[in-house]
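Please read the structure below before turning to the comments.
The values are calculated or read from the model by the stated rules, or taken from the named source; none is laboratory data. From a predicted model like this one, the values you see are computed outputs, not experimental measurements. Backbone-built Cβ (ideal geometry, glycine too); neighbour counts: all protein chains shown. Note: accessible area is taken over every heavy atom of the protein model, side chains too, but ligands, DNA and RNA are not part of it. Shrake-Rupley method; radii C 1.70, N 1.55, O 1.52, S 1.80 Å.
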Amino acid sequence: MKFELSDQQQEWQAEVRDFLRHHLTDAVRAEVIAWHGHGHGPRTRDFYKAVADRNWTALTWPASCGGMERGAIDQFILAEEFEYAGAPRVEMTWTSLAPLLIRYGTDANRALWLEDIRSGDILFALGYSESEAGTDLASLRTTARRDGDEWVIDGEKTWNTGAHFATHEWLAVRTNAEARRHRGISLIVVPIGAPGVQTYPILTWSGVRTSRVVFTNVRVPADNLVGEVDRGWAYITGALDFERATIGGHVGSLRRLVDGLVQYAGEQKRDGRLLRDDPAVRSGLAELALDVELAGLMGLEVADAIDRGQIPTLPGTVQKVFTTELRTKVADVGMRLLGQTALLSEAEPDAPLGGFLEWTYRWAPVQRFGGGTNEVMRDIIAQRGLGLPRAARGQGR
Amino acid sequence: MDLSLTPEQVGLSETLQRLLADLYPAAVLSTDEEPRAADRLWAELTGSGWLGVGVPEELGGSGGGAIELAIIFRHLGRAVAPSRYRSAVLARLLVRALARDDQLSEILPVLSAGQQTATVAYAEDGAENDPDHMATVAKHDGAGWRLSGAKALVPDASSADFLIVAARAQYDGALAFFRVNRAAPGLSITDRQIFSRDPYSDVVLSDVPADSAARLGSGDSTATYLRYRDSATALTAMEMVGSLERVHEIMIGHVTSRTQFGVPVGSFQAVQHHAADVAIALAGARLAAWKAVVSHDQGRPSAIAKAAAGRALRNATVLAHQVCGGMGYTTESPLHRYSERAMTYEILLGGWDYQLERVAVSLGL
């Protein structure tokens, strides 16, 4: 039992920090804030190029696929350092979808995409949700029909974040109308420039743009189907166990918020005294720091489990719920502690914490319902983690 | 980084679980059998080297370190076992932190073998946590000392052979600790009934003589005491985590077997979410407690661990009472014992607000 990073892990952390000192310029940071990390401006592209040059896009991949064969703890360290520093996000195409291709994909799949993912030339937009298939993802209706050497795709996806800057859609489609719900779903990759793909923007409260994407008679080669036909549900849920850990695992930004609040409380006066001399501020910030510590430990536990070859369903789901709800709490408590200056928009240059706090207040809700609502996450913890009986649900199909 | 226990540590954990299930099962709690079970458990803990865990063999102990000790505390917490072992081990930790080498070689083997037990007499009505407000005084008396003051709710004082008494030394105001025999003249012990039934006593010292050899260590012991207190706080957090694990199991066991409306109550989503919330809090509290146990500087980690464990355990007992309903509310159910413990250990060594203030200081606030 040891919580400190090993010498090798500390060296890795230092290497990542050194990289950020050189490549994460103020200009990149400003672009990240302007795009909220959910898009690739020119400076972000340069930054990603530098990441790819070091092969950090393939950090955990096997050497046979051009990867560095590093563990999940190293991936966790990379993501934490990037987030704490305010760098462009570590793309899930690298950390979640590529590993899925490596594990379940065909040789043809890997030959088609892996090298371009590694170099940063391919980025997937995740096309799972539909207007009538959100939390109940297995009821999705977008279809792919086999026609000779091609698949023909028809349907509509929503909450398709990244569709306006990614190169490819990573779609969940129905390939078998006869099979029950989960059994007739496949994953398929569609170039966003393919004829018949139309993208419509959806603007959200956080300023992050997402999209509705319509597919009309879109044709892709047969090799674009990931792995085996009708096996998509197993791939999706397998990846989600890891993905939830990533969605929840944004502890670096929480740490940045708490550190920013602590600094602010030591400098700012209200009603004649420094904020830090107010007992309510002290206990409020201490509670946030305590919870952020717990969230970080949960993240390490997930990474530790992955490095032991376990599928982190329970710790990953636990962490997703805890960390996403903590984000709400940090924004809520933090803004109240700051007082009226907290109301300044991120558009104001003198907004406290660079406006990151008020943006977090607006961004936090999506974390709680995205990647599986926290209600379903609690069902999973209770049923798959604790062995409680399945709760009654609607009939589905 | 490595978050796993060694196979030997897992083996120790399994041995303890069996031992406690055998000697101190939940069925004896709150029955006439409980005192006899407590005596049998104590005989095993003193007779089989358990008191020496965490002390090197050359000092009369059984070897093992902080992790092994934490495993024992966790299982005692699971079983809501009597506080006697805990009090004895905490006193031993304080002795080891304070004592000079000659004192160590005299006292530690006796404590490690269970030939004698001690308890820490620290808290006073006006000074529960902060040593600055200690009112018990030690006056010079020739080569020795005389102690006067009142200690409040000293754990296991009436069964301990001696007390480790905290006092302010005359003239220099140093925080000093003295080994005082329970039968020393001028020492009076009054047992107090507290709601969680563990044995606590008020201790009044009226000019109690203590020779110079009875003073453990020398100079001001504040820093040493606070370091000891961090260790004690970390172990307490682990004991609370053990209780929390058991409360969670009781909760899950009940909602799995109890049916209403023709289905197990655990199939209802609201009930499942209570169980999931306890699982989430447990995951955080357990990690924080382990980190506190193995940290070199235990200050901040122990504050976080105890605050997290206390919050999680108090909340879990409330939720467990809720989902277990009347069946968890009878004295036949062990649940009330965990609820009593939850608040007892929440308060001892400083509660939520005290620990948060320690975290605030660690942040530089």
task = Run B:Gln17 past the list (1) within 14 Å of chain A (Cβ to nearest Cβ); (2) surrounded by fewer than 16 Cβ atoms within 10 Å (Cβ to Cβ); (3) in contact with a helix residue (DSSP H, G or I) (Cβ under 9 Å, 6 or more places away or on another chain) and report the number of the one that doesn't hold.
result = (1)
ask   = Which of (1) under 30 Å from A:Tyr361 (Cα atoms); (2) touching a Pro at 6+ places or on another chain (Cβ under 9 Å); (3) polar (S, T, N, Q) is the odd one out, the single condition A:Asn217 does not satisfy?
value = (1)
ask   = Does B:Ser30 satisfy being modelled with pLDDT under 95, more than 14 Å from chain A (Cβ to nearest Cβ) and touching a Pro at 6+ places or on another chain (Cβ under 9 Å)?
value = yes
request  = From A:Arg146, A:Arg70, grab the single residue that is out of contact with any Gly (no Cβ under 6 Å at 6 or more places or on another chain), more than 28 Å from A:Asp223 (Cα to Cα) and not in a helix (DSSP H, G or I).
outcome  = A:Arg70
key: Options A:Ser129, A:Ser186: the member that is of a type in the set (S, T, N, Q), open to solvent by less than 20 Å² (accessible area, probe 1.4 Å) and either in the same structural domain as A:Leu59 (by TED's automatic domain parsing) or in contact with a Leu (Cβ under 8 Å, 6 or more places away or on another chain) (or both)   = A:Ser186
inquiry  = B:Val263 - would you say it is facing another protein chain (nearest Cβ under 10 Å) and surrounded by fewer than 19 Cβ atoms within 10 Å (Cβ to Cβ)?
reply    = yes
Subset of segment A:250-269 that is open to solvent by 80 Å² or more (accessible area, probe 1.4 Å) and not polar (S, T, N, Q) - its residue that is farthest from the other protein chains (Cβ to nearest Cβ) = A:Lys269
key: Count of residues meeting criterion [surrounded by 18 or more Cβ atoms within 10 Å (Cβ to Cβ) and farther than 24 Å from B:Pro334 by Cβ] in segment B:190-201   = 1
note = In segment A:288-342, anything at pLDDT 95 or above, open to solvent by 20 Å² or more (accessible area, probe 1.4 Å), among the acidic types (Asp, Glu) and touching a Gly at 6+ places or on another chain (Cβ under 9 Å) is listed as A:Glu293
ask   = With respect to B:Asp32, is the statement that it is farther than 21 Å from B:Val10 by Cβ, over 19 Å from the mean Cα position of the chain (by Cα) and outside the structural domain of B:Tyr228 (by TED's automatic domain parsing) true?
value = yes
inquiry  = Within segment B:267-285, does at least one residue satisfy the condition of being within 9 Å of chain A (Cβ to nearest Cβ) and under 24 Å from A:Ala265 (Cβ atoms)?
reply    = no
message = Take B:Gly350 and tell me if it is more than 10 Å from chain A (Cβ to nearest Cβ) and in contact with an Asp or Glu (Cβ under 6 Å, 6 or more places away or on another chain).
response = no
key: Selection from segment B:327-352 of residues that are open to solvent by less than 60 Å² (accessible area, probe 1.4 Å) and acidic (Asp, Glu)   = B:Glu340, B:Glu346
query = Quick check: is even one residue across segment A:155-172 under 23 Å from A:Leu101 (Cα atoms), basic (Lys, Arg), open to solvent by 70 Å² or more (accessible area, probe 1.4 Å) and not assigned by TED's automatic domain parsing to the domain that holds A:Glu346?
reply = no
query = Do you know which residues across segment B:353-365 are facing chain A (nearest Cβ under 8 Å), open to solvent by 20 Å² or more (accessible area, probe 1.4 Å) and either of a type in the set (Val, Ile, Thr) or not in a helix (DSSP H, G or I) (or both)?
reply = B:Leu363, B:Gly364, B:Leu365
query = Would segment B:299-310 turn up any residue that is free of Cβ contacts under 8 Å to residues at least 60 places away in the same chain and open to solvent by 10 Å² or more (accessible area, probe 1.4 Å)?
reply = no
query = How many residues does segment A:152-193 contain that are in a strand (DSSP E or B), closer than 23 Å to A:Gly39 by Cα and β-branched (Val, Ile, Thr)?
reply = 3
task = Taking the options B:Gly114, B:Gly173, name whichever one is over 22 Å from B:Asp207 (Cβ atoms) and more than 17 Å from the chain's Cα centre (by Cα).
result = B:Gly114
query = Mind checking which residues of segment A:159-191 are touching an Asp or Glu at 6+ places or on another chain (Cβ under 6 Å) and farther than 12 Å from A:Val229 by Cα?
reply = A:Val190
inquiry  = I'm trying to understand the selection: among the residues of segment A:83-92, which are buried (at least 21 other Cβ atoms within 10 Å of the Cβ) and farther than 21 Å from A:Ile73 by Cβ?
reply    = A:Pro88
key: Verdict on B:Ala342 being within 12 Å of another protein chain (Cβ to nearest Cβ) and either on the phi < 0 side of the Ramachandran plot or touching a Ser or Thr at 6+ places or on another chain (Cβ under 9 Å) (or both)   = no
task = Return only the number of the condition from (1) on the phi < 0 side of the Ramachandran plot; (2) within 14 Å of another protein chain (Cβ to nearest Cβ); (3) open to solvent by less than 60 Å² (accessible area, probe 1.4 Å); (4) not β-branched (Val, Ile, Thr) that B:Cys324 does not satisfy.
result = (2)
inquiry  = Tell me the residue from A:Arg255, A:Arg183 that is among the basic types (Lys, Arg) and in contact with a Gly (Cβ under 8 Å, 6 or more places away or on another chain), please.
reply    = A:Arg255
task = Filter segment A:110-119 for residues that are of a type outside the set (Phe, Trp, Tyr) and either surrounded by 20 or more Cβ atoms within 10 Å (Cβ to Cβ) or at pLDDT below 95 (or both) and give the result.
result = A:Leu114, A:Ile117, A:Arg118
task = State which residue pairs qualify: first residue at positive phi and inside segment B:218-235, second residue in a loop (DSSP other than H, G, I, E, B) and open to solvent by less than 10 Å² (accessible area, probe 1.4 Å) in any location, beta carbons under 8 Å apart, and separation of 6 or more residues or different chains.
result = B:Gly219/B:Ala174
request  = Run down B:Ala123, B:Ala138, B:Ala118 and say which single residue is open to solvent by less than 70 Å² (accessible area, probe 1.4 Å), at pLDDT 95 or above, touching a helix residue (DSSP H, G or I) at 6+ places or on another chain (Cβ under 9 Å) and within 24 Å of B:Arg96 (Cβ to Cβ).
outcome  = B:Ala118
From B:Asp102, B:Asp172, B:Asp161, B:Asp132, residue being among the charged types (D, E, K, R) and either touching a Ser or Thr at 6+ places or on another chain (Cβ under 6 Å) or closer than 18 Å to B:Gly52 by Cβ (or both) = B:Asp161
request  = Would you be able to tell me the number of residues in segment A:4-38 that are within 14 Å of chain B (Cβ to nearest Cβ) and surrounded by fewer than 18 Cβ atoms within 10 Å (Cβ to Cβ)?
outcome  = 9
